[in-house]
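S.K.: Before anything else, here's the structure in question.
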Amino acid sequence: MPVLSILIALPFIGALIVSLLPRRRPEIVFPVALGVSLAPLAVVLYVLSEFPVGDPNIQFPEFHVVSETFGIAWQLGIDGISLFMVALTAILFPISIAASRSVTDKLKTYMVLLLLLEGAVLGVFLALDMIIFFAFFEIVLIPMYLLISMWGSENRRYASIKFVLFTATGSAFLLVGIVALAILAGDLVGTASSFNFAVMLQVPMSDTTQLWLFAAFGIAFAIKVPLFPFHTWLPDAHTEAPTAGSVILAGVLLKMGTYGLLRFNLMLFPDAVVDAAPVLGVLGVIGIVYGAAVAIVQPDVKRLIAYSSVSHMGFIVLGTFALTSQALEGALFLMISHGLTTGALFLLIGMIYERTHTRAIADYGGLAKVMPEYSGIFLFIIFASAGLPGLSGFVGEFMILIGTYLTMPVLAVIAGFGVILAAVYLLWAYERVFTGPTNPKLEGLKDLGFREIAIMVPLVVLIIGLGVYPKPVMERISPSVEIILERIEAETDYEVPTFGRAEDVAQVAEAGVGEGQG
Amino acid sequence: MQNMSWLAVSFEVVLLVGALAVLLVAVVSGRSRAVWGPIVGLAFALSFVAGLWQWSAVADGQGGMFFSAQNVEIAVSPMVVLDGYSAFAAMLLGAVGFFGFLGSWDLQVRLGKRAAEFSALMLLGVAGLHMMAATPNLLVIFVGLETASISFYILAGFTRKARGSDESALKYFLLGSLASALFLYGVALTFAATGSLSLYGANSIRDFFVNNILTEPGVLLVGMALMLVGLMFKVSAAPFHQWAPDVYQGAPSGAVGLMAAGVKVAGFAALGRIFVAGLASQIDVWGPIFAGVAAVSMIVGTTMALVQDDLKRLLAYSGVAHAGYLLAALVAGYDGFEAMWFYLATYAFMVVGAFTVVSVVNGPGSSSTSLSTLKGLASRNPHLAWLMAVIMLGMSGMPFFAGFVGKALAFVAAGQADYLWLVVVGTLTTVIGLAFYLRVVSTMFQTADSNDLGQVEMSATSNVTVLVAAGVTLVFGVLPWPLLEVVRDALPL
């Protein structure tokens, strides 16, 4: 059974169903959209249950030749790298749809766009044919653009077009890179081009070629991440986007960048990776410190979270290019964790924004007395985001720091300050919003309702679960990560430091958790 | 005259007979639209069938060169060629003509009694366009060019009383005839240098270069340059594009679609026939020029489109950029034909669809069409807004829309011909282009300035045209393979 094709098709079918709902019955749009968005989640749960532990191979492979001459195939597959990205996508979309209760303007279009977006994102994570990957990667822009520009706040037009131009510029380089590589791969198999990822892996390339192609791919993904200095679109897009848009943007869309770096840059261009790793590591660290420092002074709470994303994504890039097992696994783990925590933060901000219609930190104060449940959950998520041991954020950051220390000790130390800065900006923001004398305008606000708590519960459970017991995730990630490192070692003189190949890395993480709790 | 073939000229014959029939019937029947309207539609439909017939004949090996006179030295050359190239052009022009006519139906309704002439000119113009694609003879290309151009000069000025229409027509006529003259002069100089007007066959230009090397190629170079300028003008490639925005803006909206799409198809067919096929040996000379013009067109078209506030001017500048992408495909020589035809076949429908939308929103006789008239279209006619969004995304080159496949093919062709810099320019301008295509889309989804504008009514004919245009954009964007199989055989002899 073509499980993955079905998985990609389900949101598109859902979008079709929602778009065909009768115009006279606007009240059924929300439940139907929520219902159809749960279908991919069901498939993902099945995939998760069937996914074998410790197997680095591509699971659920699908291969249907589309064009012989151009070497294009409908090629899908899932491995440890994409598994949890897909899971994250399938979890966050129903949640963001459920959080969109207050959208009334053109609700049907809104839901259709969200579902189209989900299908496209799933396509990005599952495609193993570069042109199919690119097609999904690029098409993600359109629903996201429309979501921001139609349902965003005051400055949405500027923010949405900036978002499109930045990311599309990146994709332009990506397309050039893919076409060039496909032509090289085509020479190998005797066709005009070949977009098959497995064939591309075998293309012999000189160091210069690798470096150019690495740059073409790297720019595209670095903009998407976004890596300093390409990050300027992110705060604008986040601030102006509607709640669901921000959640998806932070939770899933940014991961497309780090996923691309991990899967494509590391695998395809090992020589260039070894050469460029210090540069990208430094950029990652700049992102960590800069993002955190700028976040401290933001007057707008959504901008603050946006800059915290820049900082966290810097961690992920640093972990990716530290080239050790721990750091790579930590990077993947942090991708999951960041999706959960930052998604949750944007959801919470969306909930309060619906009540007060302001995002300025100065307009708040003493909210904890008015909305105790809300502030409790908020504090919990802040702890997770800041990397409190026992919660999911800690595992990823800790492993990245350990892994990075083996190859880039200086960067690891600087990055460590990023963790402290994260605590500063998050807790200071909490202090200003929730404690102190209550702002009279906030009196009488209703605390969270049943629907809002129901939205937050799965995220809270996952954050605790992954923080306390990361092993199920780790043991599925690590074989795929080992493959990447083995390939880099085989193709170049680079050797992963011995401690970096610790037999059971998950144990290290758990040990770390224990230490922190003690 | 030797070896006549009705098959090879069936496309032109059908359209000419149709044009005459329309004029006659209009005189006899008191000019009732109900009578001659179907005739025009039928003529275009039959011309498409003629194209299909030619295509299957070529597939059976019945292609070749016809209408030649063996004994006179100059006229040894054949006048008509029947090959995959001309047959595909026939199918494409027939289909574009049909839907261009459908899209202009609202305008014809408004024109009343004068509409018969309007339709007849459309038929004649499309016949001329196909002549440009279906001949190996430079002079016949010129005749086709003039037949089409003169028809379109008149179409552009057909709503004489509308502000802008006469100015548009005059501008088109003055600049267009200058370009035609330049082209003709180029033909003459090429003849002087090579001694032949025929692109291939016995005693042809292609033969000439097989047997000779020009030690002083000055005359040939000037001839080639002039032909190039003439045709680049017609396809509105920068820096020969200045007429396009003014003419598109001034001409009645209902008429622009067919003009813009048809001329692009035929212009590129002629460029391909003359340079890529006929002057293939000179690719080192014209290849870099094509690449340079392509880059300039992409950059100028895209940046100028960014600052337009008039929808038709915006589409005109986007057309300049598209000319650039098409030229990028041709720098690869023969390998670029596949990309060129795929691009043209999908782009032509998008152009017709987009101008039909303009005509629906602003009225078929409208001259200037501010972008703000699209505001609130999503609530005033959601169906139309979504179709227009599909067409705009198609033009912008988003994946899953036909424009992406065309651009990707063009870039692969240019890349394989070692014009990687052109690929980079092309992809970057594609990105910048997103800004104005998305601007059109987001304008449609904005809230209208006032609520009492009411629904935008759309006639059935316009509806079908836009629906087909959007359908082509989506279907060949998601499943380009059937069309790719076809265009692979659309090669000149």
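The values are calculated or read from the model by the stated rules, or taken from the named source; none is laboratory data. Every value quoted in this text rests on a predicted model; they were computed, and no experiment measured them. As a convention, Cβ positions derive from the backbone with ideal geometry for all residues, glycine included, and neighbour counts pool all protein chains shown.
S.K.: Which is more than 23 Å from the chain's Cα centre (by Cα) and of a type in the set (Gly, Ala, Ser), of A:Gly80, A:Gly35? Before you say what the answer is, go through the steps one by one.
M.R.: On the way: A:Gly80 fails: more than 23 Å from the chain's Cα centre (by Cα).
None of the others qualify; the one that does is A:Gly35.
S.K.: Kindly indicate the residue of the range B:443-465 that is modelled with pLDDT of 85 or more and in a helix (DSSP H, G or I) and also farthest from B:Gly254 (Cα to Cα) among those meeting that condition.
M.R.: B:Thr443
S.K.: Out of the range A:147-171, which residues are surrounded by fewer than 24 Cβ atoms within 10 Å (Cβ to Cβ) and either over 17 Å from A:His231 (Cα atoms) or among the hydroxyl-bearing types (Ser, Thr, Tyr) (or both)?
M.R.: A:Met150, A:Trp151, A:Gly152, A:Ser153, A:Glu154, A:Asn155, A:Arg156, A:Arg157, A:Tyr158, A:Thr169
S.K.: Report yes if A:Leu141 is surrounded by fewer than 21 Cβ atoms within 10 Å (Cβ to Cβ), within 20 Å of A:Phe221 (Cβ to Cβ) and not basic (Lys, Arg), otherwise no.
M.R.: In short, no.
S.K.: Please enumerate the residues belonging to the range A:25-52 that are of a type in the set (Phe, Trp, Tyr) and either under 17 Å from A:Gly123 (Cα atoms) or modelled with pLDDT of 90 or more (or both).
M.R.: From the range A:25-52, those of a type in the set (Phe, Trp, Tyr) are A:30, A:46, A:51; that's our starting set.
The answer is A:Tyr46, and nothing else.
S.K.: Just to be sure, is B:Val293 assigned to a helix (DSSP H, G or I) and under 27 Å from B:Leu220 (Cα atoms)?
M.R.: On the way: assigned to a helix (DSSP H, G or I): yes; under 27 Å from B:Leu220 (Cα atoms): yes.
Yes, satisfied.
S.K.: Kindly indicate whether A:Leu126 is modelled with pLDDT of 90 or more, within 14 Å of chain B (Cβ to nearest Cβ) and within 29 Å of B:Trp481 (Cβ to Cβ). Even if it seems obvious, please write down each step before you answer.
M.R.: Numbers: modelled with pLDDT of 90 or more: yes; within 14 Å of chain B (Cβ to nearest Cβ): no; within 29 Å of B:Trp481 (Cβ to Cβ): yes.
No, not satisfied.
S.K.: Which residues, taken from the range A:193-212, are of a type in the set (Phe, Trp, Tyr), within 14 Å of chain B (Cβ to nearest Cβ) and under 21 Å from A:His64 (Cα atoms)?
M.R.: Kept after step one, since they are of a type in the set (Phe, Trp, Tyr), are these residues of the range A:193-212: A:195, A:197, A:212.
With the extra rule that they be within 14 Å of chain B (Cβ to nearest Cβ), the set shrinks to A:195, A:212.
A:Phe195 - this is the single residue of the range A:193-212 that is of a type in the set (Phe, Trp, Tyr), within 14 Å of chain B (Cβ to nearest Cβ) and under 21 Å from A:His64 (Cα atoms).
S.K.: Moving on. Say we look at the range B:405-429 and pick out the residues that are of a type in the set (Ser, Thr, Tyr) and touching a residue at least 60 places away in the same chain (Cβ under 8 Å); which of these is farthest from the other protein chains (Cβ to nearest Cβ)? Spell out how you get there, then give the answer.
M.R.: Initial filter on the range B:405-429 (of a type in the set (Ser, Thr, Tyr)): B:419, B:427, B:429.
Cutting the leftovers down to touching a residue at least 60 places away in the same chain (Cβ under 8 Å) gives us B:419, B:429.
Details: B:Tyr419: 12, B:Thr429: 9 Å.
Per the stated criteria, the residue is B:Tyr419.
S.K.: Which of the helices (runs of 4 or more DSSP H) contained wholly in the range A:287-386 include at least 2 residues that are surrounded by 24 or more Cβ atoms within 10 Å (Cβ to Cβ)?
M.R.: Details: elements: A:301-322, A:325-356, A:367-370, A:372-386.
Per the criteria, A:301-322, A:325-356, A:372-386.
S.K.: Kindly evaluate B:Phe191 against the criterion of being modelled with pLDDT of 90 or more and within 26 Å of the chain's Cα centre (by Cα). Talk me through it step by step, then tell me what you get.
M.R.: On the way: modelled with pLDDT of 90 or more: yes; within 26 Å of the chain's Cα centre (by Cα): no.
No; evaluated as a whole, the condition is false for this residue.
S.K.: Among the numbered criteria (1) closer than 15 Å to A:Ala331 by Cβ; (2) over 20 Å from the mean Cα position of the chain (by Cα); (3) not β-branched (Val, Ile, Thr), which one does A:Phe264 miss?
M.R.: Against the list (1) closer than 15 Å to A:Ala331 by Cβ; (2) over 20 Å from the mean Cα position of the chain (by Cα); (3) not β-branched (Val, Ile, Thr), A:Phe264 comes up short only on (2).
S.K.: Can you name every residue in the range A:462-518 that is at pLDDT below 55 and acidic (Asp, Glu)?
M.R.: A:Glu503, A:Asp504, A:Glu515
S.K.: Among the listed residues A:Leu116, A:Leu141, which satisfies the condition of being free of Cβ contacts under 8 Å to residues at least 40 places away in the same chain and either within 11 Å of chain B (Cβ to nearest Cβ) or among the hydroxyl-bearing types (Ser, Thr, Tyr) (or both)? Steps first, answer last, please.
M.R.: On the way: A:Leu116 fails: free of Cβ contacts under 8 Å to residues at least 40 places away in the same chain.
The conditions single out A:Leu141.
S.K.: Having 2 or more residues that are of a type in the set (Asp, Glu) and under 30 Å from B:Glu117 (Cβ atoms) is the bar; report the helices (runs of 4 or more DSSP H) wholly within the range B:165-272 that clear it. Full working, then the answer.
M.R.: Working: elements: B:165-194, B:205-211, B:218-234, B:243-250, B:253-271.
Ranges flagged: B:165-194.
S.K.: To continue, here is another question. Considering only the range A:4-26, how many residues are closer than 24 Å to A:Val47 by Cα and either polar (S, T, N, Q) or in contact with a Gly (Cβ under 6 Å, 6 or more places away or on another chain) (or both)?
M.R.: Summing the residues that are closer than 24 Å to A:Val47 by Cα and either polar (S, T, N, Q) or in contact with a Gly (Cβ under 6 Å, 6 or more places away or on another chain) (or both) in the range A:4-26 gives 4.
S.K.: Oh, and also: Are there any pairs with C-beta distances below 7 angstrom linking a residue in the range A:168-192 that is without any contact (Cβ under 8 Å) to a residue 40 or more places away in the chain and within 9 Å of chain B (Cβ to nearest Cβ) to a residue that is of a type outside the set (Lys, Arg) and not in a helix (DSSP H, G or I), with the two at least 6 apart or on different chains, and if so which?
M.R.: Listed by first residue and then by second, the contacts come to A:Ile183/A:Ser193.
S.K.: Separate question: Does the range B:376-393 include one or more residues that are of a type in the set (S, T, N, Q), farther than 30 Å from B:Ala291 by Cβ, in contact (Cβ under 8 Å) with a residue 40 or more places away in the chain and in contact with a Gly (Cβ under 6 Å, 6 or more places away or on another chain)?
M.R.: Start the filter on the range B:376-393 by keeping residues that are of a type in the set (S, T, N, Q), which leaves B:379, B:381.
Then keep just the ones that are farther than 30 Å from B:Ala291 by Cβ; that gives B:379, B:381.
Pick out the ones that are also in contact (Cβ under 8 Å) with a residue 40 or more places away in the chain and you get B:379, B:381.
Among the residues that remain, those that are also in contact with a Gly (Cβ under 6 Å, 6 or more places away or on another chain) are: none.
No, the conditions are met nowhere in the range B:376-393.
S.K.: When you scan the range A:152-167, how many residues do you find that are more than 13 Å from A:Trp233 (Cα to Cα) and either at the interface with chain B (Cβ under 10 Å from one of its Cβ atoms) or acidic (Asp, Glu) (or both)?
M.R.: Here the count works out to 1.
S.K.: Mind telling me which of the residues A:Thr407, A:Thr435 ends up being of a type outside the set (Lys, Arg), more than 21 Å from A:Thr342 (Cβ to Cβ), surrounded by fewer than 16 Cβ atoms within 10 Å (Cβ to Cβ) and modelled with pLDDT under 90?
M.R.: On the way: A:Thr407 fails: surrounded by fewer than 16 Cβ atoms within 10 Å (Cβ to Cβ).
Residue meeting the stated conditions: A:Thr435.
S.K.: Something else about it: Looking only at the range B:213-251, how many residues end up being of a type in the set (S, T, N, Q), touching a helix residue (DSSP H, G or I) at 6+ places or on another chain (Cβ under 8 Å) and surrounded by fewer than 20 Cβ atoms within 10 Å (Cβ to Cβ)? Full working, then the answer.
M.R.: The initial filter retains those residues of the range B:213-251 that are of a type in the set (S, T, N, Q), namely B:215, B:236, B:242, B:249.
This time we only want the ones that are touching a helix residue (DSSP H, G or I) at 6+ places or on another chain (Cβ under 8 Å), so: B:236, B:242, B:249.
Those left that are additionally surrounded by fewer than 20 Cβ atoms within 10 Å (Cβ to Cβ): B:242.
Count: 1.
S.K.: I would also like to ask the following. Quick one: B:Ala402 ticks every box in (1) surrounded by 23 or more Cβ atoms within 10 Å (Cβ to Cβ); (2) within 10 Å of another protein chain (Cβ to nearest Cβ) except a single one, so which number is it?
M.R.: (2)
S.K.: OK, next. Would you point out which residue out of A:Leu227, A:Leu211, A:Leu261, A:Leu234 is over 22 Å from A:Phe125 (Cβ atoms) and either in contact with a helix residue (DSSP H, G or I) (Cβ under 6 Å, 6 or more places away or on another chain) or part of a strand (DSSP E or B) (or both)?
M.R.: Values: A:Leu227 fails: over 22 Å from A:Phe125 (Cβ atoms); A:Leu261 fails: over 22 Å from A:Phe125 (Cβ atoms); A:Leu234 fails: over 22 Å from A:Phe125 (Cβ atoms).
Just one listed residue meets the conditions, A:Leu211.
S.K.: Kindly evaluate B:Ala402 against the criterion of being under 20 Å from the mean Cα position of the chain (by Cα) and of a type in the set (A, V, I, L, M).
M.R.: Details: under 20 Å from the mean Cα position of the chain (by Cα): yes; of a type in the set (A, V, I, L, M): yes.
Answer is yes for this residue.
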